[in-house]
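Just so you know, all these numbers are worked out from the coordinates, no wet-lab data involved. Just so it is clear, the model here is predicted, and its values are computed rather than measured. Positions of Cβ are backbone-derived with ideal geometry, glycine not excepted, and every protein chain shown enters the neighbour counts.
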Amino acid sequence: MKIIEIKQLIEKYGKETTLETVLHEIQGDRKYECPKCHGKGYTVVEYNKYPKNMPDSGWVYQPGYKNEQCDLCNGHGYTRDKYQPKVKVINDGWEKVDEE
């Protein structure tokens, strides 16, 4: 946070306001931490940063990472509702069970 931003917060909320009060004011009714970004407001996405127009771009992979705004909390880090991940079970085939 920059000094000018702190001065703006002091002007808006007053000198006697605590950081907790400012947090509740900004956070509003978003009281649950986002399970996707864990409160950061962004997720780290891996991509191939090797140029696509190169002749060997079909098989060369050069990892790059970038931050993208979380689509679950819209970059706030917190949500109004509580979310939990969906669990999907995949059947990998069948196994023979010996009967006695």
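Count the net charge of all other residues whose Cβ sits under 10 Å from the Cβ of Gly64, scoring Lys and Arg as +1 and Asp and Glu as -1. It would help to have the intermediate numbers written out before the result.
Details: positive: Lys49, Lys66; negative: Glu46.
Charge balance in the 10 Å sphere: +1.
Pairs Lys12/Lys66; Lys40/Lys86; Lys31/Lys86; Lys40/Lys82; Lys15/Lys82; Lys2/Lys40: which exceed 24 Å Cα-Cα? All intermediate terms of the calculation are to be shown ahead of the outcome.
Working: Lys12/Lys66 33 Å; Lys40/Lys86 21 Å; Lys31/Lys86 21 Å; Lys40/Lys82 16 Å; Lys15/Lys82 34 Å; Lys2/Lys40 18 Å.
Violating the 24 Å Cα-Cα cut-off are Lys12/Lys66; Lys15/Lys82.
In nanometres, what is the gap between the two model label sites at Ile26 and Glu46, each 7 Å from Cα along Cα-to-Cβ?
3.2 nm
Here are some values of Cα Rg over 2.2 N^0.38 Å: (1) 1.84; (2) 1.40; (3) 1.35. Which one was computed from this structure?
(1)
In nanometres, what is the gap between the two model label sites at Met54 and Glu11, each 7 Å from Cα along Cα-to-Cβ?
For Met54 paired with Glu11, the spin-label model returns 4.9 nm.
Could you give the Stokes-Einstein D for segment 31-90 in µm² per second, using the C-alpha Kirkwood radius, 25 °C, 0.890 mPa s? All intermediate terms of the calculation are to be shown ahead of the outcome.
On the way: Rh = 13.7 Å.
Approximately 179 µm²/s, per Stokes-Einstein.
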